[in-house]
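Below is one structure, written out as structure tokens, with a few remarks after it.
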Amino acid sequence: MLNQFSSATPASASARTSSRRKRRVRRWRGFSTVQLAVILLATAPAITIAGAVVAQLVGAIATDDMVDIALAAGENPGMIIFGAMFLASPIQWLTGRSQIRVRKYLGVTFFLLAVSNATMFAIERGIGAAFGAAFLIAGVVALVAATPLFLTSTRRAQRSMGMRAWRRLHKLTYLVAIALLAHVILLGDAGLGAAMITAGFVARIPVVRRLLERHTTRTPPAKQLTTTQDSNGQHSSSGALGQSRSSTGQLCKVVAD
């Protein structure tokens with residue numbers, strides 16, 4: 001009996017490991033080539049910053065060099081990453097392809113870069129200097145507003161809060177976007193990231209959003225529901241399938257907002 005238990009335990013552990021490995025493979029296969037490229041590009045600044053920190057810790061570069069490298073890798077790329085995250089929902093409305101996981105990854109990456117920027121600024125000038133100018137205050141507002149979004153970015157947080165409360169909290173994304181625009185405009189350095197954020201706001205105008213969603217909500221002629229005639233001469237359609245597609249589309253729309 002003991003031998004049976006001891007032989008079954010490694011087998012069950014191996015099965016669980018195999019199941020987790022298969023889930024990881026399916027998770028990565030769910031990304032398109034473009035989505036994987038976006039994720040890889042978004043990861044590059046974080047790798048650069050980590051390399052600079054390690055190089056400073058081992059004495060290969062000076063602290064000032066580390067700060068310069070980290071700020072260069074985190075400032076403009078961070079704005080672009082946030083802009084890409086802010087455009088994920090409009091892209092989903094336009095293409096009909098879910099961007100939820102990409103948007104989550106970009107949001108987490110942006111926050112980590114923002115924390116890196118704040119840390120490097122504090123090392124270079126001190127924490128008190130963060131309130132010395134309007135553009136710096138706008139940056140602080142963006143970081144503070146992004147913190148609860150990062151802390152509640154997991155599915156567990158979403159389930160514990162409830163969808164309605166979670167969505168209400170994540171409206172802070174708009175505050176982060178406005179604060180970032182104010183930061184770069186006051187700094188006089190509005191570039192690609194600011195343009196992407198502005199495009200994200202334009203795409204959320206109701207008229208523009210309806211235009212983006214038009215071709216994804218239209219039912220293709222080849223997939224229209226077939227109708228049949230019952231014994232009473234009344235026409236009926238495959239309603240269960242139609243209701244299922246409708247409810248699935250509404251759920252995707254709710255999560256995408």
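No lab work stands behind these numbers, since they all come straight from the coordinates. Every value quoted in this text rests on a predicted model; they were computed, and no experiment measured them. Cβ atoms come from the backbone with ideal geometry, glycine included; neighbour counts cover every protein chain shown.
Defining a contact as two alpha carbons under 8 Å apart and six or more residues distant in sequence, what relative contact order in percent does segment 30-217 show? Walk me through the numbers on the way to the answer.
Numbers: 191 pairs, mean separation 50.2, N = 188.
Relative contact order comes out at 27 percent.
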Going 7 Å from the Cα of VAL34 in the Cα-to-Cβ direction, what parts of segment 102-123 have a backbone nitrogen less than 14 Å from that spot?
102-103
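Starting with the highest mean, order 162-172, 43-53, 74-84 by the number of other Cβ atoms within 10 Å, averaged over the residues of each peptide. It would help to have the intermediate numbers written out before the result.
Working: 162-172: 12.6, 43-53: 16.9, 74-84: 24.2.
Descending packing order for the listed peptides: 74-84, 43-53, 162-172.
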Could you give the nm distance between label points at ALA157 and GLU124, where each point is 7 Å from its Cα heading toward the beta carbon?
2.8 nm
Taking a crude spin-label model, label points 7 Å out from Cα along the C-beta direction, the THR63 to PHE150 distance in nm is 2.2 nm
Please list 3J(HN,Hα) in residue order for segment 33-46, calculated via the Karplus relation 6.51 cos²θ - 1.76 cosθ + 1.60 where θ = phi - 60°; whole Hz, with x for glycine and proline.
4, 5, 4, 5, 5, 4, 5, 5, 5, 5, 7, 4, x, 5
